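Data first, discussion second: the structure below is written as structure tokens.
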């Protein structure tokens with residue numbers, strides 16, 4: 001059997017780069033029609049078969065990049081993915097997506113699936129800790145997770161974390177300044193005259209949630225507020241969970257006059273419960289969420305939230321990946337990018353008394 | 001080099017099915033701890049390496065299934081995918097997702113990527129026709145699309161369409177009865193006393209949009225309404241597009257008193273424009289959307305919409321795939337499932353006059 005033609009052979013023949021050949025074969029709009037025609041003609045002449053699996057086995061390149069997210073039905077993650085695609089498509093890469101539903105075990109199988117599909121890189125936002133409904137052995141899971149991350153790195157597949165990260169040597173990350181986002185949100189509530197600000201938190205083993213908690217706490221302390229641990233309640237990022245927690249808060253002897261939630265979804269649930277119990281928003285209780293999901297803007301009672309520029313985050317994640325995958329030197333370096341969030345002030349927290 | 005151990009060898013050794021071995025290796029919760037432990041022990045003894053690529057090359061099985069959707073940031077598609085995952089995970093399959101952003105050219109490269117990643121099946125909702133901003137040669141694209149669908153079928157990779165389908169011999173599909181959904185929505189507006197009902201349509205080369213148009217038209221005719229083509233306007237499924245079209249409708253000499261939109265997103269845009277211009281909903285103008293996106297329920301002015309049971313649709317798509325992939329007989333059969341939609345009546349269309 002004669003040796004199969006690769007894109008490298010075509011590139012050599014035409015005296016252009018293999019990347020250009022790949023882009024031409026993948027209908028990348030950046031490649032001129034003339035070049036594309038030339039590449040296609042040459043490829044046909046040389047009996048090139050565009051079988052990327054074969055190519056993967058030969059060159060180690062599949063031009064597929066895997067993205068793992070906790071869930072696809074959140075505007076935040078969908079927008080990060082859009083940013084990644086916008087940046088990678090012109091380079092001839094395709095994006096394949098897996099979701100974990102926030103389960104560690106699913107995360108592990110996703111990584112395996114992507115490695116077996118021969119992806120050229122894995123860009124991921126790690127899933128939340130163990131599902132409380134399925135008490136798994138935490139130590140085992142954590143050790144399995146570390147094994148699999150090491151496995152990715154051993155295979156020289158670039159791994160990059162975004163938003164929800166773990167500190168692993170050699171792994172780059174792109175995150176937002178969650179501390180600042182939470183600090184700004186809490187300061188805004190204080191500026192609106194609020195005195196007793198509750199915090200809907202989430203699993204603080206995940207850095208983003210811990211940093212939002214710390215930002216909230218620091219804003220209180222900087223304003224000489226008393227920090228009351230009873231006003232901090234953990235809650236999944238779900239509408240129903242937000243309702244439940246709001247109910248608990250309203251049953252307190254001295255209910256809060258404001259809520260800062262780490263999630264727009266639980267903030268929405270809290271708002272529904274508060275309104276149903278006959279309280280006024282923001283007069284009686286202000287509510288601020290996090291992530292700037294589209295519905296926060298669409299609501300008639302629009303919800304104040306923290307914008308994380310997710311598309312921009314995706315573009316940067318993709319750029320970090322491209323740097324790593326195109327880095328031929330043996331010296332690998334970690335890159336850590338921290339983006340600044342922006343508070344979007346809307347009706348759910350803007351006291352008429354203050355604005356008047 | 002000695003022959004590598006496969007899951008079939010382990011299955012034979014233990015006198016269980018290969019599927020059970022696969023499930024045990026993939027931590028499927030349906031497998032008992034005893035069986036899992038036995039499989040893991042035997043696999044270790046037999047030097048089994050769980051490398052699915054190797055397995056794919058030997059057995060033609062990767063246990064990865066590709067899902068292609070126009071966009072992941074729609075509750076409809078995200079929920080279909082959730083249904084697919086719920087049904088396939090217990091069978092040991094993993095789901096990898098690609099989005100097309102409604103571009104045909106992207107659809108073609110996605111199919112190639114998934115085939116090269118050696119998926120065991122492709123479940124897809126086809127993308128909308130050509131992007132009007134990138135006038136591509138429609139005939140070329142259609143012929144390229146047919147080529148690629150034939151390519152999938154030639155490789156004996158099961159291909160199943162859901163929601164947005166094409167009629168291709170040998171390809172099964174799962175859709176909802178869009179005609180009925182649209183008919184019911186229009187009849188509801190007529191029952192509310194509306195006389196001049198506009199229709200926000202979309203590219204009617206896609207069957208779902210054409211069937212919704214036909215359902216709307218038939219309901220008008222069955223009620224002896226005059227059908228006015230000027231009240232039918234094409235519009236992308238986007239909030240901004242809905243605003244623009246509503247503006248046009250309100251500028252008419254005789255504006256409509258109701259709008260039935262094929263999309264919740266354009267319905268939301270229309271609502272924003274109508275309210276901004278000082279009209280009352282539903283008193284002056286009623287609005288009905290399609291898809292039952294979560295925000296339609298969350299809004300204070302909740303939006304009437306057509307529910308398509310997307311999770312159920314996903315489960316059925318997965319079941320059709322499993323039937324095909326497990327069908328060893330040479331006789332292949334097409335299966336066409338049509339689900340019935342449900343009208344969710346909410347504030348945006350429920351006339352107080354009628355309810356009183």
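Results, tabulated for the structure shown:
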| quantity | calculated |
| --- | --- |
| Whole-number D in µm² s⁻¹ for the stretch B:296-356, Kirkwood Cα-pair radius fed into Stokes-Einstein, 25 °C, 0.890 mPa s | 164 |
| Full-stretch length increase - residue B:210, residue B:247 - with 0.36 nm per residue and alpha-carbon distance subtracted | 11.0 nm |
| Most mobile of B:274, B:122, B:175 in a GNM of chain B (Cα contacts under 10 Å) | B:274 |
| For residue A:153, inter-copy label distances in nm, listed shortest first [label point 7 Å out on the Cα-Cβ vector] | 4.9 |
| Using alpha carbons only: equivalent-ellipsoid semi-axes of chain A, gyration tensor based, whole Å | 47, 21, 16 |
| Centre separation in Å (Cα based) which lies between the stretch A:57-122 and the stretch A:237-262 | 35 |
| For the stretch A:7-50, alpha-carbon Rg over 2.2 N^0.38 Å | 0.97 |
| Cα long-axis angle, helix A:33-45 against chain A (0 to 90 degrees, to the nearest 10) | 50 |
| Mean separation of Cα contacts under 8 Å (6+ apart) over length of chain B, as relative contact order % | 17 |
| Principal-axis tilt of helix B:75-88 within chain B, Cα atoms, nearest 10 degrees | 20 |
| Residue order, fewest to most beta carbons within 10 Å, for A:159, B:249 | B:249, A:159 |
| The stretch B:263-321 versus the stretch A:156-188: alpha-carbon centroid distance in Å | 35 |
| Sites residue B:333 and residue B:307 - FRET efficiency at Förster radius 25 Å, r taken between beta-carbons, to 0.05 | 0.25 |
| Length added when fully stretched, residue A:177-residue A:326, from 0.36 nm per residue minus Cα-Cα | 50.8 nm |
| In range of the label at residue B:154: residues from the stretch B:69-111 whose backbone nitrogen is under 17 Å from the point 7 Å along Cα→Cβ | B:108-109, B:111 |
| Inter-copy separations for residue A:254, label at 7 Å along Cα-Cβ, nm, ascending | 6.6 |
| Nitroxide proxy distance, nm - points 7 Å out along Cα→Cβ at residue B:221 and residue B:46 | 6.3 |
| Averaged over B:91-101, number of beta-carbon atoms from partner chains that fall within 10 Å | 5 |
| Cα pair count fraction exceeding 19 Å, expressed as % - the stretch A:120-275 | 60 |
| Exposure proxy ranking, count of Cβ atoms within 10 Å, fewest first, for B:35, B:304, B:109 | B:35, B:109, B:304 |
| As computed over the protein assembly as shown, the Cα convex hull volume per residue (Å³) | 191 |
| Shielding of A:71-80 by partner chains, average beta-carbon count, 10 Å | 4 |
| Principal-axis tilt of helix A:239-250 within chain A, Cα atoms, nearest 10 degrees | 20 |
| Per-copy distances of the residue A:345 label point, shortest first, in nm (7 angstrom along Cα→Cβ) | 4.3 |
| Along each principal axis, Cα extent of the stretch A:194-268, largest first, Å | 33, 32, 16 |
| Label zone at residue B:101, where the point sits 7 Å out along the Cα-to-Cβ direction: the stretch A:67-89 residues whose backbone N lies under 15 Å | A:78-89 |
| Cα coordinate range in the stretch B:174-226, projected on the principal axes (Å, largest first) | 33, 19, 15 |
| Rg/Rh ratio calculated on Cα atoms of the stretch A:201-356 (Kirkwood radius) | 1.07 |
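Every read-out reported here was derived from the displayed coordinates using simple, explicitly stated rules and does not represent laboratory data. Values in this document were obtained by computation on a predicted structure and should not be read as measured data. Backbone-built Cβ (ideal geometry, glycine too); neighbour counts: all protein chains shown.
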